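Following: one structure in structure tokens, then a few remarks.
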Amino acid sequence: MNQIFDPTNWDLLSLLKTAVGAGIGTAAVQGGIALYRERTLKNEHAAYLALRLAVLLEAYASECCDFYFDNANAEQLPNEPYPSWNTRLPDLPEYPDDTEAWRTLDKKLLAKCLNFPNRVHASQNAIAACGEHTMDDLDIALDEHASARGAEAWEIASALRETYGLDRAEIVFDYYTALQKVLKQSREKRKRREEGQWSFLSEISAREKDFPT
């Protein structure tokens, strides 16, 4: 089959070249080529931004994993009720300052990237509140929030790579699987602890009914 009539070979640039051969107006063709080049350039900028963001978010996931391991091995000093946990989540690196590229980024991914710092901040606030009001649950809160934000960072990075046809991250240590495991364990631990607390309170309430004041 002639390539000109094969739809699998159609793209804007080839059609414009065909249009020139067919005698269509030069100005229109040149305008089309300019639009094609502009669109290609925007896609390239978006892909480059996506790569930079993916690398930053993957690094953040690794820091969240380190945060978990550091706290798991935190030293407990004599006469101290709790280990010397680090309660400050890793700081999220500053995003690249490239306004035009940000505008061309996939809108769903754009929203996830821009909202992620807010979620990290919310997790930090939740940890602070736990440390102030329910210190006995702080170990769970630290594991749960660090693993959740780390896993989320990795998921956003993976979506960026997939959307823009980028190579997958070269994995030396599987941070994502480790973080998912910690997240699952911490949530199960929280559920068991809450169930135990509820059972204890129910037992106390029942005893108070048996022995009215």
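Couple of notes before you dig in:
- Scanning the range 183-192 for any residue that is hydroxyl-bearing (Ser, Thr, Tyr) and either closer than 26 Å to Lys108 by Cα or at pLDDT below 95 (or both) turns up nothing.
Yes or no, residue by residue, for (1) open to solvent by 70 Å² or more (accessible area, probe 1.4 Å); (2) not aliphatic (A, V, I, L, M); (3) not in a loop (DSSP other than H, G, I, E, B):
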| residue | (1), (2), (3) |
| --- | --- |
| Ala141 | no, no, yes |
| Ala151 | no, no, yes |
| Ala157 | no, no, yes |
| Leu160 | no, no, yes |
| Arg168 | yes, yes, no |
| Gln180 | yes, yes, yes |
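- The set of residues in the range 114-139 being open to solvent by less than 10 Å² (accessible area, probe 1.4 Å), among the hydrophobic types (A, V, I, L, M, F, W, C) and closer than 28 Å to Ala54 by Cα consists of Phe116, Ile127.
- Single match in Ala61, Ala46, Ala19 (criterion: at pLDDT 95 or above and in contact with a helix residue (DSSP H, G or I) (Cβ under 7 Å, 6 or more places away or on another chain)): Ala61
- Criterion: part of a helix (DSSP H, G or I), among the charged types (D, E, K, R) and modelled with pLDDT of 95 or more - qualifying residue of Asp66, Asp91: Asp66
- Contact map, the range 144-168: residues that are β-branched (Val, Ile, Thr) paired with residues that are assigned to a helix (DSSP H, G or I), Cβ distance under 6 Å, separation 6+ or inter-chain. Pairs shown: Ile156/Leu57; Ile156/Lys112.
The values are calculated or read from the model by the stated rules, or taken from the named source; none is laboratory data. Everything quoted here is computed from the prediction, not taken from an experiment. Quick reminder, even Gly has a Cβ in these numbers, built from the backbone with ideal geometry, and neighbours come from all protein chains shown. Only protein heavy atoms, including side chains, enter the accessible area calculation; ligands, DNA and RNA are left aside. Shrake-Rupley method; radii C 1.70, N 1.55, O 1.52, S 1.80 Å.
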